[in-house]
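The structure under discussion appears below in the form of structure tokens.
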Amino acid sequence: MIRTITKRGLRLVGRNFAVIALLFPAAVMAVDIERQDVRDFVDTLATSHGLDRTYLQSVLADGKTIQKILDAISRPAEKTKPWYEYRAIFITEERIEAGVQFWSEHESRLARISAETGVPEQIIAAIIGVETYYGRIRGNFRVLDALTTLGFDYPPRGKFFRSELEQLFLLAQEETLDVSTLTGSYAGAMGPPQFIPSSYRRYAVDGDGDGIRDLIDNWDDILASVANYFVANGWRPDQPVAAAGVTEMEIDVPAGRTKFKPDETVASLSNRGLSFEAELDASTPAKLIRLEGENGPEYWAGFHNFYVITRYNRSTMYALAVFQLAEALAQERLAATIDAPDVAHRHTP
């Protein structure tokens, strides 16, 4: 039997497809350069920075809105996992071992950069270790797609990511980069240090004096730029980062928006019942950190340099993971040095 579909039936079918499209958005869609917000963006860059309008339209037309990116930004690990699960991602024997090897491979670079900036070698190495597993996992999204997706189709932070897209075009012009080939994270962060475009423009330095700031492949530039990020945000050489705390009773931390800057002192934390080891004056600014450990609350005292690490990524758990990985790298490297045979006493049979 052949059934015919009436006009009313066609309308119902059309409506059903529309509903399905809303419930299950396409995984990948081309950017519509005729959208008003896209046209306004092009107008702003052409007017404010003198960028070629045809070039901008051509590049943006090649951009893709990717559902996977929207899914990823809605559930970052820092917001969905308790501390003990988050820590387990980064503080592993494998990552520590790989970090010691990475440190050895870049020993002269790290030593020189640390001496020049005051940022410890292990902190620089740990940043690369947490961000990209020492450059092994850099992200495989095109930066263009990440920033167009989030800039035009993620209303909660659209303004921020459109600004980063603007910075990407300016960065490409300054450093002679091909916008269409750069890859990185779902949030548009690039290279082993995972700098977003604005950070790349602001903090990247030419570590080897070749006149180019290359945070994709040049390790002199990469490591020097990580250190410069910390220096620019106020790193204090030879000052502590954090100290594990012990208390006989639970200490409450005010609920609400997390503030990362130290808002108490060593003395006030002590008066609240937190004990920790740190050779600091009683008036030294400090921050009470309470995280969800596997067997109950875990307490830390964070100091100014801990706050500086949060400038790299606005997360207490991120900063503590970097600190703990750095400590583990330094301990493992020291142990390897002590255990290594004295070369002077070796002999060939």
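Any read-out appearing in this document is the output of simple, stated calculations on the displayed coordinates, not a laboratory observation. All values derive from a computational prediction rather than experimental measurement. Cβ coordinates were reconstructed from backbone atoms using ideal geometry, including for glycine residues, and neighbour counts include every protein chain displayed.
Some notes on this structure:
- C-alpha center-to-center spacing [region 133-147, region 72-100] in angstrom: 17 Å
- Only helices enter the 222 nm calculation for the chain: every DSSP H run of n ≥ 4 contributes -39,500 (n - 2.57), and dividing by all residues gives -16000 deg cm²/dmol, rounded to 500.
- Cα lying deepest toward the dipole's positive end in the chain, options LEU51, THR117, ASN313, charges on Cβ: LEU51
- Per-residue ³J(HN,Hα) for region 133-149, Karplus 6.51 cos²θ - 1.76 cosθ + 1.60, θ = phi - 60°, Hz, x for Gly and Pro: 6, 6, x, 7, 10, 9, x, 10, 8, 5, 4, 4, 5, 4, 6, 6, 4
- For THR183, the residues whose amide H sits under 5 Å from its own are VAL143, ignoring neighbours fewer than 5 places away on the same chain, with H placed 1.01 Å from N.
- Candidates ASP178, ASP153, ASP145, ranked by Gaussian network fluctuation over the chain, Cα under 10 Å, top entry: ASP178
- Expressed in Å, the radius of gyration and Dmax of the Cα atoms of region 209-346 are 18.5, 61.
- For the chain, modelled as a GNM whose springs connect Cα atoms under 10 angstrom apart, the maximal fluctuation among HIS49, HIS304, HIS106 occurs at HIS49.
- Folded to 0 to 90 degrees: helix 7-23 orientation relative to the chain principal axis, Cα: 10 degrees
- Here the spin labels are modelled as points 7 Å beyond Cα on the Cα-Cβ line, and at GLU34 and THR92 they lie 4.9 nm apart.
- Taking the fewest neighbouring Cβ atoms within 10 Å as the starting point, the ordered list for VAL28, VAL38 is VAL28, VAL38.
- Spin-label model distance (nm) - GLU294 vs ALA72, 7 Å beyond Cα toward Cβ: 2.9 nm
- Extension gain, ASP208 back to ALA27 (0.36 nm per residue minus Cα-Cα distance, nm): 61.0 nm
- Translational D in µm²/s for the chain (Stokes-Einstein at 20 °C, 1.002 mPa s, Kirkwood Rh from C-alpha pairs): 93 µm²/s
- Sites ASP178 and ASP281 - FRET efficiency at Förster radius 45 Å, r taken between beta-carbons, to 0.05: 0.30
- The angle between the Cα long axis of helix 93-105 and the longest principal axis of the Cα atoms of the chain comes to about 80 degrees, rounded to the nearest 10.
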